[in-house]
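K.L.:
Before I ask anything, here is the structure I am working with.
The values are calculated or read from the model by the stated rules, or taken from the named source; none is laboratory data. From a predicted model like this one, the values you see are computed outputs, not experimental measurements. A quick note on method: Cβ atoms are made from the backbone with ideal geometry, for glycine too, and the neighbour counts reach across all protein chains shown.
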Amino acid sequence: MSYILGISALYHDSAAALIKDGEIVAAVQEERFSRKKHDQSFPSNSIRFCLDFESISLDELDSIVFYDKPFLKFERLLETYLAYAPKGLRSFIKAMPIWLREKLFLKNLLTKELKKISKSFDAETLRFSEHHFSHAASAFYSSPFKDAVVLTLDGVGEWTTSSVAIGSTNKLNIIKEIHFPHSLGLLYSAFTFYLGFRVNSGEYKVMGLAPYGSPKYEKIIFDHLIDLKTDGSFRLNMSYFNYPVGLTMVNDKFVKLFGNPIRKPDTDNLEQFHMDIAASVQSAVEKIVLKIIESLSMETKVSNLCLAGGVALNCVANGKIHRSGFFKKVWIQPASGDAGGALGAAQGYWFSELNRPRKINNLDSMKGSYLGPSYNDKDIQKRLNGTGAIFQNLSQNEMIKFTADKLANGAAIGWFQGRMEFGPRSLGSRSILADSRSSHMQRNLNLKVKYRESFRPFAPAILREDVNDWFELDDESPYMLLVDSIKKSIRVEMSDSENELFGIDKLNVKRSKIPAVTHVDYSARIQTVHRETNKVFYSLLKEFKELTNCPILVNTSFNVRGEPIVCSPEDAFRCFMGTELDYLVIGNIVLDKKQQDKNLLISYKDKFKLD
């Protein structure tokens, strides 16, 4: 029995992942334990969970692999500052102490932290992967493909911002790279910053805002900001950007180009201009990615494509890649960001470095991405008793019927089942669920439960066998990473006056028979639910369909804005008591908000910063 532990840490989204003889057995992000969103600290809790899950000690690991190489990152930092000197001195002075104290001598830091877990830890077991190789490995080795092209797009690793790899059986080789500062991820983040959202967490807001606008600034982006070649390679015009050495993403020249100041999130309302900017950068990125995909298809003649890196979480672009037909099959790593690098570091070392044989599964090797902690009913009951909660125990069949009935009657329910998801999406283990047929549910969930911007769309969770009856998609989308259109037969035609509405005024127009999950452009971010990977959630959807003739529920993450997704029953109870959720279902245990002690109610609304 051989165990490899992968670690990502110290930049954002720290995580740990454990593989046993090449099989993924556990993976989790540190934020879920620390309750600090995008936690970058050393993932001690995550490592302990992985070890406890397999009942092994740190000393029983064959190797521990870190997901990137700090010396290469430091080289990029120094060379960039030298290239831009004396500009960026403030940023340089700010960055140096932490590099000299921690990141540059990372092996010493990792050894120190790992010795806290086991005093006898042997530093000789430590290995280092490269950032983009870790991303690519997490996608290819988890995919259901024997052979594939792997495209990784993110902000920046050590030097690389975009890479292409070829995977075959258990081998993976990077064949092309684009280097910093030319980055599609950082281009998107620059616009995220310009629109007043937080970089590295607010990019999905830009994607969600885009359908409210029109891409009227796209030509300016291609004329001034990026030079796109016919093969999909690109260079940014760095005279408009500040991120290589500055403390902001864009400079005054960028602001002047678009004619409006950087939006202040706390004081400036979202206006049509901001929606048009979002639409423009989204459209531009889609065109760039499709150009890359087309070129790779023609050049490699490989049928399968894997995607990884932060840009692979842009599910609108993913949907267009899927529909383009350039590749017969597309598979996207559900933990595409830095957290997934922990998994890829372990897999890359096992398969590529050690040349171990690879077992390929028909769906994939991620087990639905249900790779985190779980709790049995006895443990849940004990933990809830400690919070003062009032609850009732049901059989699983009773619980399913109870939940489906309450959902069909308009309740918003916190749903906590089985192993927690790995990656940024709630996939039916740590979810907030509601009726997709409700015309007011999208707005109410955003404002009364999630405490976030009303424009944010919600995803439909649907039985796999029913997906093509409701959406144009006729394929698996288990990780909520593909956007596709609502079927025309499900849509509600808009009146002339409704068609004339602009921007956020479009929000309250009923567009389909499932308005709570229908975005303003008749699209949806689809999750197909499979009996093989989530039997309980599948059974709930089946029961809901029996009651309503609709196999679709709203599925959004079980948290409020700025908070990590809940991990433990105590987290779930706190979120339940701090929001306007009606019921909480944990395992087979059910809680009714009306029955709870009002003294336990808390205010979550202002607890976390905007993300």
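K.L.:
Going through the range 105-122 one residue at a time, which ones are at pLDDT 90 or above, part of a helix (DSSP H, G or I) and out of contact with any Phe, Trp or Tyr (no Cβ under 6 Å at 6 or more places or on another chain)?
P.N.:
Leu110, Thr111, Lys112, Lys116, Ile117, listed by residue number.
K.L.:
Going by the conditions given, is Ile586 modelled with pLDDT of 95 or more, more than 21 Å from Asn393 (Cα to Cα), assigned by TED's automatic domain parsing to the domain that holds Phe416 and out of contact with any Asp or Glu (no Cβ under 7 Å at 6 or more places or on another chain)?
P.N.:
For Ile586, the condition - modelled with pLDDT of 95 or more, more than 21 Å from Asn393 (Cα to Cα), assigned by TED's automatic domain parsing to the domain that holds Phe416 and out of contact with any Asp or Glu (no Cβ under 7 Å at 6 or more places or on another chain) - is not met.
K.L.:
Show me the strands (runs of 3 or more DSSP E) entirely contained within the range 1-50 in which 3 or more residues are within 14 Å of Met420 (Cβ to Cβ).
P.N.:
15-20, 23-29
K.L.:
Let me ask you something else. Being over 18 Å from Ser162 (Cα atoms), modelled with pLDDT of 95 or more and either over 18 Å from the mean Cα position of the chain (by Cα) or buried (at least 19 other Cβ atoms within 10 Å of the Cβ) (or both): is that true of Lys329 here?
P.N.:
Numbers: over 18 Å from Ser162 (Cα atoms): yes; modelled with pLDDT of 95 or more: yes; either over 18 Å from the mean Cα position of the chain (by Cα) or buried (at least 19 other Cβ atoms within 10 Å of the Cβ) (or both): yes.
Against the criterion (over 18 Å from Ser162 (Cα atoms), modelled with pLDDT of 95 or more and either over 18 Å from the mean Cα position of the chain (by Cα) or buried (at least 19 other Cβ atoms within 10 Å of the Cβ) (or both)), Lys329 qualifies.
K.L.:
Taking the conditions exactly as written (closer than 30 Å to Phe327 by Cβ, of a type in the set (Gly, Ala, Ser) and either assigned by TED's automatic domain parsing to the domain that holds Glu563 or part of a loop (DSSP other than H, G, I, E, B) (or both)), does Ser143 satisfy them or not?
P.N.:
Yes; evaluated as a whole, the condition is true for this residue.
K.L.:
May I pose another question? Which residues, taken from the range 320-335, are farther than 16 Å from Ala136 by Cα and either in contact (Cβ under 8 Å) with a residue 40 or more places away in the chain or in a loop (DSSP other than H, G, I, E, B) (or both)?
P.N.:
His322, Arg323, Gly325, Phe326, Phe327, Lys328, Lys329
K.L.:
Take the range 244-259 and flag every residue that is assigned to a loop (DSSP other than H, G, I, E, B), surrounded by 14 or more Cβ atoms within 10 Å (Cβ to Cβ) and free of Cβ contacts under 8 Å to residues at least 40 places away in the same chain.
P.N.:
Within the range 244-259, just Asn251 meets the criteria.
K.L.:
OK, next. Tell me, please, whether a residue that is within 30 Å of Tyr11 (Cα to Cα) and either buried (at least 23 other Cβ atoms within 10 Å of the Cβ) or at pLDDT below 95 (or both) can be found in the range 374-396.
P.N.:
no
K.L.:
Looking at the range 198-219, is at least one residue in a loop (DSSP other than H, G, I, E, B), surrounded by fewer than 18 Cβ atoms within 10 Å (Cβ to Cβ) and not assigned by TED's automatic domain parsing to the domain that holds Val255?
P.N.:
Taking every residue of the range 198-219 in turn, none turns out to be in a loop (DSSP other than H, G, I, E, B), surrounded by fewer than 18 Cβ atoms within 10 Å (Cβ to Cβ) and not assigned by TED's automatic domain parsing to the domain that holds Val255.
K.L.:
Can you pull out every residue in the range 158-170 that is under 28 Å from Asn361 (Cβ atoms) and in contact with a helix residue (DSSP H, G or I) (Cβ under 6 Å, 6 or more places away or on another chain)?
P.N.:
Ser163, Ala165, Gly167, Asn170
K.L.:
Here's something else I'd like to know. Identify the single condition in (1) touching a strand residue (DSSP E or B) at 6+ places or on another chain (Cβ under 7 Å); (2) surrounded by fewer than 19 Cβ atoms within 10 Å (Cβ to Cβ); (3) closer than 27 Å to Leu58 by Cβ that Ser168 does not satisfy, given that it satisfies every other one.
P.N.:
(3)
K.L.:
Could you tell me which of the residues Ala345, Ala339, Ala317 is surrounded by 22 or more Cβ atoms within 10 Å (Cβ to Cβ), of a type in the set (Gly, Ala, Ser), more than 23 Å from Ser429 (Cα to Cα) and touching a residue at least 40 places away in the same chain (Cβ under 8 Å)?
P.N.:
Ala345
K.L.:
Taking the options Tyr81, Tyr67, name whichever one is at pLDDT 80 or above, buried (at least 19 other Cβ atoms within 10 Å of the Cβ) and assigned by TED's automatic domain parsing to the domain that holds Ala136.
P.N.:
Tyr67
K.L.:
While we're looking at this one, here's another question. Taking the residues in the range 291-306 that are closer than 23 Å to Ser189 by Cβ and out of contact with any helix residue (DSSP H, G or I) (no Cβ under 6 Å at 6 or more places or on another chain) as candidates, determine which candidate is surrounded by the fewest Cβ atoms within 10 Å (Cβ to Cβ).
P.N.:
Within the range 291-306, the match that is surrounded by the fewest Cβ atoms within 10 Å (Cβ to Cβ) is Lys291.
K.L.:
Also, quick follow-up: Just checking, which of Glu23, Glu54, Glu31 is in contact with a Pro (Cβ under 7 Å, 6 or more places away or on another chain), of a type in the set (Asp, Glu) and at pLDDT 95 or above?
P.N.:
The conditions single out Glu31.
K.L.:
Evaluate the following for Asn355: is it closer than 22 Å to Ala137 by Cβ, in a loop (DSSP other than H, G, I, E, B) and modelled with pLDDT under 95?
P.N.:
no
K.L.:
Would you pick out the residues in the range 260-285 that are modelled with pLDDT under 95, outside any helix (DSSP H, G or I) and polar (S, T, N, Q)?
P.N.:
Thr267, Asn269
K.L.:
Tyr370: closer than 10 Å to Phe422 by Cα and of a type outside the set (Gly, Ala, Ser), yes or no?
P.N.:
So Tyr370 passes the test.
K.L.:
It is to be established whether one or more residues within the range 359-373 are outside any loop (DSSP other than H, G, I, E, B), closer than 26 Å to Gly155 by Cβ and of a type in the set (Asp, Glu).
P.N.:
So far as the range 359-373 goes, no, none of its residues is outside any loop (DSSP other than H, G, I, E, B), closer than 26 Å to Gly155 by Cβ and of a type in the set (Asp, Glu).
K.L.:
If you don't mind, another one. Just a yes or no: is a residue in the range 337-346 outside the structural domain of Ile7 (by TED's automatic domain parsing) and of a type in the set (A, V, I, L, M)?
P.N.:
Checked against the condition, which is being outside the structural domain of Ile7 (by TED's automatic domain parsing) and of a type in the set (A, V, I, L, M), the range 337-346 yields no hits at all.
K.L.:
If you go through the range 271-280 one residue at a time, do you hit one that is more than 30 Å from Asp231 (Cα to Cα), more than 23 Å from the chain's Cα centre (by Cα) and without any contact (Cβ under 8 Å) to a residue 40 or more places away in the chain? Before you say what the answer is, go through the steps one by one.
P.N.:
The first filter runs over the range 271-280 and keeps only residues more than 30 Å from Asp231 (Cα to Cα), leaving 271-274.
When the remaining residues are screened for being more than 23 Å from the chain's Cα centre (by Cα), the result is 271-274.
Those still in the list that are without any contact (Cβ under 8 Å) to a residue 40 or more places away in the chain too: 273.
Yes - at least one qualifying residue is present in the range 271-280.
K.L.:
Show me the strands (runs of 3 or more DSSP E) entirely contained within the range 527-611 in which 2 or more residues are of a type in the set (Ser, Thr, Tyr) and buried (at least 18 other Cβ atoms within 10 Å of the Cβ).
P.N.:
In the range 527-611, 552-557 are the strands (runs of 3 or more DSSP E) which contain 2 or more residues that are of a type in the set (Ser, Thr, Tyr) and buried (at least 18 other Cβ atoms within 10 Å of the Cβ).
This table checks each residue for (1) within 22 Å of Leu10 (Cα to Cα); (2) surrounded by fewer than 17 Cβ atoms within 10 Å (Cβ to Cβ); (3) out of contact with any strand residue (DSSP E or B) (no Cβ under 8 Å at 6 or more places or on another chain); (4) at pLDDT 95 or above.
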{"site": "Thr152", "(1), (2), (3), (4)": "yes, no, no, yes"}
{"site": "Trp159", "(1), (2), (3), (4)": "yes, no, no, no"}
{"site": "Leu236", "(1), (2), (3), (4)": "no, no, no, yes"}
{"site": "Asn242", "(1), (2), (3), (4)": "no, no, no, no"}
